[in-house]
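Below: one structure, written as structure tokens.
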Amino acid sequence: MPASSPRLLPAFAAAGFAATTAQVLLLRELLVSAAGDEVAIAAGLAAWLLGIALGAAARRRDALRHAPRAAPLVALLAASAGAGICALRVLRLLAAPGAGELPGLGLVLLLASASLLPAGALVGASFASLAAAAARHLPAEAALGRLYVAESLGSLAGGVAASLLVGTLLPPLPAALAAGLAATILVSLSSLPARRFVLLAAALLAVAAIASRPLDEATERLRFSALAPGAPLVAVRDTPHSHLSLGGIGPLHLYESGAFAASFPDPFSSETLAHLAASLAESPRRILALGAVERGPLRFLLLHGPARVDLVVPDERAFAFVRDRLPGEDVAALADPRVRVAIDDPRRVLARSRETWDLVLLLGPDPVTLARARLLTEESFRDAAARLSPRGALVVSLRTASAALAGSTAALGGSVHGALAAVFPVVRVTPGPDSLFVAGFDAGAVTLDPSVVAARHRERRIAPASFAPELFPLILEPRNVARIEAALVDASRHVPASCDDRPVSLLYALARRQRETASLAGRALGALGRLPAPLLAALVLLPSAALAARGLAGRTSLRRAALHAIAATGAAGMTVSFLLLLSYQTREGALYGALGALTASFMLGLAAGAAAARRLLRGGRRGPRPALVAALVAAGGVFGGIALALPSLAALSGGPPHAALAGHGALLLAAGAATGALFPVATGVLLATGDDAGGSAALFEAADHVGAALAALLAGVTLVPALGMSATGLLAGALVLLAAVESARAR
């Protein structure tokens with residue numbers, strides 16, 4: 001081995017570091033620019049992965065000729081995160097929809113194409129060029145193996161850095177520039193040519209990082225002017241959970257991850273909500289609030305004479321950001337000795353507490369995010385039922401309709417109503433459009449009889465302000481109550497109840513949101529959601545099944561089989577890793593705080609799997625086809641085993657501290673190892689069939705990321721809500737096993 005070869009490792013690690021930090025930061029920014037729509041995550045990941053495939057494919061031919069460009073490509077990749085953030089913010093203003101309108105799929109795709117696709121293309125191009133550069137120092141298989149392992153370890157460091165920096169130490173743009181500077185410094189330590197270009201890039205990034213605060217503030221103002229035209233930006237805060245922006249004069253307007261969250265002070269709305277919710281409980285002596293009641297409703301809840309109000313806050317930094325800007329009356333309410341603030345996840349409180357409450361308030365936005373959808377499942381309601389007093393009430397907010405329920409609105413309401421009805425014997429619903437679902441055990445206590453509810457309010461001797469008990473007959477008009485309850489009961493017969501394994505409320509909420517933007521995604525999501533589960537699964541498996549049948553007929557070359565194997569494993573690895581992240585978020589809530597450790601587990605698995613497979617190939621006598629089949633069968637078995645293990649992970653949440661983190665991390669390590677083990681096997685096949693190191697790396701990257709891009713589009717917003725987590729994981733394992741069938745008979 002040439003003595004100079006180890007000096008390539010810093011460049012390999014820098015590529016992985018720059019790629020992962022760019023991906024994390026740009027996806028986060030895209031979510032904000034898309035007004036918090038989680039469809040944007042799928043679109044952004046697809047654009048990123050498609051960019052990698054295109055960049056790798058562009059470098060496939062004559063990759064050796066591009067080897068001297070490896071260092072400049074990595075330097076450009078290091079700068080792509082900062083450039084992409086600025087582009088996203090400016091484009092959000094230039095292509096903004098009308099005031100008050102949500103961005104549709106077209107705008108999201110434009111934003112993703114302008115930011116994540118170019119950065120992804122630089123990832124694919126730099127990987128192929130680095131492979132060609134490494135092949136000048138090492139044998140082809142050794143060069144590819146070292147590159148894959150070192151890049152995976154660099155990605156590990158990038159994931160941890162992004163999780164630690166953003167929302168804690170630095171705003172997104174300074175964090176992106178600092179990460180890019182670190183990556184270019186790493187490249188400069190390697191023996192790759194074009195060091196002058198790299199050093200120039202490092203100098204420019206250093207200057208930009210030093211001067212980044214004014215640019216960050218200016219671009220934040222530009223984007224906010226698109227979110228809230230005419231409202232001046234007052235303050236911005238990034239937290240590990242979300243991006244917060246606050247603007248306005250007089251009433252302040254709060255946006256969370258680009259989506260409107262609240263205006264405050266708004267005493268009329270706050271008072272109406274608080275008095276209605278509190279009066280739905282027979283005797284609210286102990287109240288648990290799992291929502292942002294501190295923005296106004298809290299001070300009115302205290303008028304109902306509770307002995308204690310427990311306010312659960314999952315994001316301490318966001319809570320402090322809002323608290324510092326609340327009116328004096330709301331600050332005084334938070335200081336009331338009856339109010340106790342707990343910094344924790346709502347589901348963790350419900351699952352682990354031994355307290356009981358007379359009124360549990362689960363108030364918040366529609367479940368257009370997984371973080372919200374996990375609170376509206378049968379399991380979440382079961383935990384709430386265990387903490388509710390016998391004559392207590394659980395109150396859940398959900399937007400329905402002011403008139404007839406139909407389409408995705410009916411499906412959304414039906415999925416939540418069905419989940420509540422599976423746990424509570426009594427479920428009542430107030431008329432829309434802003435409905436309250438009220439659940440409990442005693443029909444006498446859980447009632448929407450306006451005379452009973454008004455009498456409760458009067459008995460508490462609350463001094464009249466803008467709300468009076470005479471409003472209850474209007475709010476709870478019996479015919480309107482009967483109409484919406486009948487519609488929801490009927491809807492619940494036609495849709496599954498939302499549960500942890502299958503959070504269908506997310507699918508219906510996203511479909512409604514996309515329909516409201518008049519985008520094609522809304523119609524597509526709605527159509528997919530209506531397909532029978534077996535038909536949807538068959539459609540996903542159809543392409544791989546057709547290729548497997550072609551292989552069984554002896555009409556497939558080993559090269560084509562290897563490309564199918566790479567794409568299938570890329571799709572399955574993406575799907576299973578997503579399922580484990582979703583499982584952790586469902587059980588523990590605070591995914592962002594643990595994202596660095598969980599991502600590190602998967603990246604370690606990639607590196608370990610690739611290294612172990614290289615050693616086995618060197619020591620064994622198997623030909624390329626048996627090795628490929630063995631790797632695929634092992635990967636399919638691992639993915640299927642993880643899918644079957646997903647339900648048992650629920651038990652870890654009630655175990656010792658960090659048990660859930662350790663359990664999910666171990667399975668991510670296994671998933672990464674199964675994915676990474678294919679790299680040396682598949683690239684060995686490509687090398688044996690005529691490609692050089694750069695061409696093999698480019699082909700692998702292209703096929704792997706095309707498969708992963710398709711999985712990113714389907715898994716999160718369609719397959720999991722429609723099929724469930726376990727079934728989606730088994731589907732991923734089946735894809736890989738079908739590729740093994742094709743490879744077994746390939747020529």
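The values are calculated or read from the model by the stated rules, or taken from the named source; none is laboratory data. In this text, all values refer to a predicted model and were calculated from it rather than measured experimentally. Positions of Cβ are backbone-derived with ideal geometry, glycine not excepted, and every protein chain shown enters the neighbour counts. Keep in mind that these areas ignore ligands, DNA and RNA; they rest on the heavy atoms of the full protein, side chains included. Shrake-Rupley method; radii C 1.70, N 1.55, O 1.52, S 1.80 Å.
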Does at least one position in segment 415-428 carry a residue that is among the aromatic types (Phe, Trp, Tyr), part of a loop (DSSP other than H, G, I, E, B), crowded, with 18+ Cβ neighbours inside 10 Å and out of contact with any helix residue (DSSP H, G or I) (no Cβ under 6 Å at 6 or more places or on another chain)? yes
Sole residue being aliphatic (A, V, I, L, M) and within 37 Å of the chain's Cα centre (by Cα), chosen from Ala497, Ala465: Ala497
Members of segment 293-348 found to be under 24 Å from the mean Cα position of the chain (by Cα) and assigned to a loop (DSSP other than H, G, I, E, B), listed by number: Pro314, Asp315, Asp344, Asp345
For segment 295-311, the count of residues that are open to solvent by less than 50 Å² (accessible area, probe 1.4 Å), in contact with a Lys or Arg (Cβ under 9 Å, 6 or more places away or on another chain) and not acidic (Asp, Glu) equals 7
For segment 341-369: of the residues being touching an Asp or Glu at 6+ places or on another chain (Cβ under 7 Å) and closer than 29 Å to Val234 by Cβ, which is least open to solvent (accessible area, probe 1.4 Å)? Asp345
Can you tell me which residue is modelled with the lowest pLDDT among those in segment 211-231 that are more than 14 Å from Ala35 (Cβ to Cβ) and of a type in the set (Lys, Arg)? Arg213
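Within segment 437-453, identify whether any single residue is within 20 Å of Pro478 (Cα to Cα), more than 28 Å from the chain's Cα centre (by Cα), assigned to a helix (DSSP H, G or I) and not aliphatic (A, V, I, L, M), and answer yes or no.
Let us first name the residues in segment 437-453 that are within 20 Å of Pro478 (Cα to Cα), namely 437-440, 442-453.
Checking which are more than 28 Å from the chain's Cα centre (by Cα) leaves us with 438-440, 442-453.
Going one step further and asking which of them are assigned to a helix (DSSP H, G or I), we end up with 450-453.
Next, from what is left, pick out any that are not aliphatic (A, V, I, L, M): 450-451.
Yes, segment 437-453 contains at least one residue that is within 20 Å of Pro478 (Cα to Cα), more than 28 Å from the chain's Cα centre (by Cα), assigned to a helix (DSSP H, G or I) and not aliphatic (A, V, I, L, M).
Pick from Ala125, Ala79: which is touching a Gly at 6+ places or on another chain (Cβ under 6 Å) and open to solvent by 30 Å² or more (accessible area, probe 1.4 Å)?
Details: Ala125 fails: open to solvent by 30 Å² or more (accessible area, probe 1.4 Å).
Answer to the selection: Ala79.
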State which residue is surrounded by the most Cβ atoms within 10 Å (Cβ to Cβ) when the search covers only segment 667-697 and only residues that are among the hydrophobic types (A, V, I, L, M, F, W, C) and touching a Gly at 6+ places or on another chain (Cβ under 7 Å). Ala671
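Any idea how many residues of segment 329-340 are buried (at least 21 other Cβ atoms within 10 Å of the Cβ) and more than 22 Å from Glu282 (Cβ to Cβ)? First the steps, then the outcome.
Applying the first criterion (buried (at least 21 other Cβ atoms within 10 Å of the Cβ)) to segment 329-340 yields 330, 333, 339.
Adding the requirement that they be more than 22 Å from Glu282 (Cβ to Cβ) leaves 330, 333.
Summing the residues that are buried (at least 21 other Cβ atoms within 10 Å of the Cβ) and more than 22 Å from Glu282 (Cβ to Cβ) in segment 329-340 gives 2.
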Does at least one position in segment 210-228 carry a residue that is open to solvent by 60 Å² or more (accessible area, probe 1.4 Å), in a loop (DSSP other than H, G, I, E, B) and touching a helix residue (DSSP H, G or I) at 6+ places or on another chain (Cβ under 8 Å)? no
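Determine whether Ala135 is over 19 Å from the mean Cα position of the chain (by Cα), free of Cβ contacts under 8 Å to residues at least 40 places away in the same chain, over 28 Å from Leu598 (Cβ atoms) and open to solvent by 10 Å² or more (accessible area, probe 1.4 Å). Before you say what the answer is, go through the steps one by one.
Working: over 19 Å from the mean Cα position of the chain (by Cα): yes; free of Cβ contacts under 8 Å to residues at least 40 places away in the same chain: no; over 28 Å from Leu598 (Cβ atoms): yes; open to solvent by 10 Å² or more (accessible area, probe 1.4 Å): yes.
Answer is no for this residue.
If you take the residues of segment 478-489 that are open to solvent by 30 Å² or more (accessible area, probe 1.4 Å) and in contact (Cβ under 8 Å) with a residue 24 or more places away in the chain, which of them is nearest to Asp266 (Cα to Cα)?
Going through segment 478-489, the residues open to solvent by 30 Å² or more (accessible area, probe 1.4 Å) turn out to be 478-480, 482-483, 485-487, 489.
Pick out the ones that are also in contact (Cβ under 8 Å) with a residue 24 or more places away in the chain and you get 478, 480, 483, 485, 487, 489.
On the way: Pro478: 28, Asn480: 26, Arg483: 30, Glu485: 29, Ala487: 31, Val489: 33 Å.
My answer is Asn480.
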Out of segment 628-661, which residues are closer than 15 Å to Arg745 by Cα and either open to solvent by 30 Å² or more (accessible area, probe 1.4 Å) or at pLDDT below 90 (or both)? Val629, Ala630, Val633
Any residue at all in segment 189-197 that's open to solvent by less than 40 Å² (accessible area, probe 1.4 Å), part of a helix (DSSP H, G or I) and not charged (D, E, K, R)? no
Among the candidates Ala281, Ala289, Ala274, residue that is under 25 Å from the mean Cα position of the chain (by Cα) and either free of Cβ contacts under 8 Å to residues at least 60 places away in the same chain or open to solvent by less than 10 Å² (accessible area, probe 1.4 Å) (or both): Ala289
For segment 37-58, pairs from a residue that is in contact (Cβ under 8 Å) with a residue 12 or more places away in the chain to a residue that is among the β-branched types (Val, Ile, Thr), with Cβ under 6 Å and 6 or more apart or across chains, are Glu38/Thr369; Val39/Val717; Ala40/Val108; Ala42/Val717; Ala43/Val108; Ile52/Val123; Ala53/Val706
Just to be sure I understand, how many residues within segment 454-477 are open to solvent by less than 30 Å² (accessible area, probe 1.4 Å), closer than 24 Å to Pro433 by Cβ and in a helix (DSSP H, G or I)? 4
Of the conditions (1) open to solvent by 40 Å² or more (accessible area, probe 1.4 Å); (2) modelled with pLDDT of 80 or more, Pro68 satisfies every one except a single condition; which number is it? (2)
Could you check segment 233-247 and list, in sequence order, the residues that are modelled with pLDDT of 90 or more and open to solvent by 10 Å² or more (accessible area, probe 1.4 Å)? Leu233, Val234, Ala235, Val236, Arg237
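Tell me yes or no: at least one residue of segment 119-136 is part of a loop (DSSP other than H, G, I, E, B) and either in contact with a Ser or Thr (Cβ under 8 Å, 6 or more places away or on another chain) or hydroxyl-bearing (Ser, Thr, Tyr) (or both). Reasoning before the result, please.
Of all residues in segment 119-136, those part of a loop (DSSP other than H, G, I, E, B) come to 136.
Still in the list and also either in contact with a Ser or Thr (Cβ under 8 Å, 6 or more places away or on another chain) or hydroxyl-bearing (Ser, Thr, Tyr) (or both): none.
Checked against the condition, which is being part of a loop (DSSP other than H, G, I, E, B) and either in contact with a Ser or Thr (Cβ under 8 Å, 6 or more places away or on another chain) or hydroxyl-bearing (Ser, Thr, Tyr) (or both), segment 119-136 yields no hits at all.
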With the condition kept exactly as written, say whether any residue in segment 233-246 is touching a strand residue (DSSP E or B) at 6+ places or on another chain (Cβ under 9 Å), hydroxyl-bearing (Ser, Thr, Tyr), outside any helix (DSSP H, G or I) and within 21 Å of Ala95 (Cα to Cα). yes
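Every residue, every condition in (1) among the hydrophobic types (A, V, I, L, M, F, W, C); (2) modelled with pLDDT of 95 or more; (3) under 20 Å from His241 (Cα atoms), yes or no:
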{"site": "Asp315", "(1), (2), (3)": "no, no, yes"}
{"site": "Arg323", "(1), (2), (3)": "no, no, yes"}
{"site": "Ala332", "(1), (2), (3)": "yes, yes, no"}
{"site": "Ala335", "(1), (2), (3)": "yes, yes, no"}
{"site": "Val341", "(1), (2), (3)": "yes, yes, yes"}
{"site": "Asp345", "(1), (2), (3)": "no, no, yes"}
{"site": "Arg348", "(1), (2), (3)": "no, no, yes"}
